[in-house]
Amino acid sequence: MKTTGGSDEQKQRAGEKAVEYVNDGDIVGLGTGSTAATAIDALGDAVTAGYDIRGVPTSLATRDRAIEQGIPLTQIEAVDQIDIAIDGADQVDNESTLIKGGGAAHAREKVIDAIADQFIVVADTSKLVETVSEPIPVSVLPMAQTPVKRHLESLGATPTLRSADRKDGPVITDNGNLVFDCAFGSIEDAESVSQSLAGIPGVVAHGLFVDLADIVCVGTEDGVDIYPKE
Ligand code: 5RP
């Protein structure tokens, strides 16, 4: 798993809190990243205690973690609905707009988080911002790399092809795509940027999640803050 900043204790508090929203019998979307992993571990404990749930993983890494934790898995094609999804974020703003895709799993994450009846975001306090501003991960069909890059630049972005850490060349996602990290600066109109990115031929998915999160659980030094405020 990639290394991110933030406090492990805060992440764990957020993950454990999110699992309190899961009911026995639920189909659960399993997010990707170090914070979502804490929820997967807590779900494993719930399964050991007798919960009958099934997980739908958003990445190969998450599939492996869920198997290690003894969580029965299913596939999106095999279920009528996903009751709840729990997933992390790289940034969360005041409107619960998210930037995701630090682990390049945002394409599957968006599908699963968007169709879940309830989508719960788990984060530590380092992820909270007034306005999202991190480069937006955009996954792209490999054959469309050059035209998509030009199109992204025409929208005002500075796209950087994500390089692999321990392989020469680019990151290839679980779906076989490339990722451009697109710096736009501070994103005031997230809906408009989201639509522009989604409309580029060759773009598979982007990591700006607008109006998708239902609840945000933020682990703090001594507890968990829930947004919208309960
Ligand atoms: C993966 C994601 C992750 O949820 C996001 O990068 C946050 O990761 P972490 O909890 O490790 O900080 O979007 O594609």
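Tell me the volume per residue, in Å³, of the convex hull enclosing the alpha carbons of the range 109-230.
On the way: hull volume 16.3 nm³, N = 122.
With only Cα atoms used, the range 109-230 gives 134 Å³ per residue.
Helix 106-115 against the longest principal axis of the chain: what's the angle in degrees, Cα atoms only, rounded to the nearest 10?
Once rounded, one gets 50 degrees.
Work out the count of Lys pairs in the chain where the Cα-Cα distance is under 28 Å, with the pair 8 or more places apart or on different chains.
Lysine pairs satisfying the spacing and distance rule in the chain number 27.
Considering every Cα-Cα pair within the chain, what fraction, in whole percent, is farther apart than 32 Å? Don't skip to the answer; put the middle values down first.
Values: 4183 of 26335 pairs.
I get 16 percent for the Cα pairs in the chain exceeding 32 Å.
What is the distance in Å between the Cα centres of the range 142-164 and the range 209-230?
After rounding, the separation between the Cα centres reads 32 Å.
Name all residues of the range 121-150 having a backbone nitrogen under 16 Å from the label point set 7 Å from the Cα of ASN94 along its Cα→Cβ direction, giving them as ranges.
It comes to 128-133, nothing else.
List the relative contact order of the range 149-210 as a percent without decimals, with contacts defined as Cα pairs under 8 Å and 6+ residues apart. Don't skip to the answer; put the middle values down first.
Values: 60 pairs, mean separation 16.3, N = 62.
RCO, the range 149-210: 26 percent.
To the nearest 0.05, how large is the calculated FRET efficiency for THR158 and ALA49 if R₀ is 45 Å and r is the Cβ-Cβ distance? Walk me through the intermediate numbers first.
Values: r = 49 Å, r/R0 = 1.08.
Efficiency at R0 = 45 Å is approximately 0.40.
Sort GLU9, GLU221, GLU109 so the one with the fewest other Cβ atoms within 10 Å of its own Cβ comes first. Spell out each step's value before the answer.
On the way: GLU9 14, GLU221 9, GLU109 32.
The order, fewest Cβ neighbours first, is GLU221, GLU9, GLU109.
At SER192 and GLU68, where each label point lies 7 Å from the Cα along Cα→Cβ, what is the point-to-point distance in nanometres?
According to this spin-label approximation, the distance is 4.4 nm.
Using only the Cα atoms, work out Rg/Rh for the range 1-121, with Rh taken as the Kirkwood radius, to two decimals.
Numbers: Rg = 13.0 Å, Rh = 14.0 Å.
A ratio of 0.93.
In degrees between 0 and 90, to the nearest 10, how far off the longest principal axis of the chain does helix 8-19 point, with axes built from Cα atoms?
70 degrees
Relative to the longest principal Cα axis of the chain, at what angle does helix 145-154 sit, 0 to 90 degrees, rounded to 10?
80 degrees
Beta carbons within 10 angstrom, averaged per residue: use that to sort the peptides 110-117, 187-194, highest first. Please list the in-between numbers first.
On the way: 110-117: 19.1, 187-194: 15.9.
Ranking the peptides 110-117, 187-194 by packing returns 110-117, 187-194.
Would you give the gap between the C-alpha center of the range 170-206 and the C-alpha center of the range 53-101, rounded to a whole Å?
20 Å
Can you give the extra length, in nm with one decimal, that the chain gains between MET143 and ASP165 once fully stretched, where that is 0.36 nm per residue apart less the Cα-Cα distance? Intermediate results must be reported in sequence, preceding the final value.
Details: separation 22, 0.36 × 22 = 7.92 nm, distance 2.22 nm.
Roughly 5.7 nm would be gained on extension.
For the range 124-165, list residues with backbone N below 17 Å from a point placed 7 Å from the Cα of ASN175 toward its Cβ?
Taking a point 7 Å out along Cα→Cβ of ASN175, the residues of the range 124-165 whose backbone N falls under 17 Å are 136-145, 148-149, 162.
Taking N as the number of residues in the range 69-145, what value does Rg over Cα atoms divided by 2.2 N^0.38 Å take?
Values: Rg = 14.3 Å, N = 77, 2.2 N^0.38 = 11.5 Å.
The value comes to 1.25.
Throughout, read-outs are computed from the coordinates displayed, never taken from laboratory work. Since the model is a prediction, treat every value here as computed from it, not as a measurement. Using ideal geometry, Cβ is built from the backbone for each residue, glycine included, and neighbour counts are taken over all protein chains shown.
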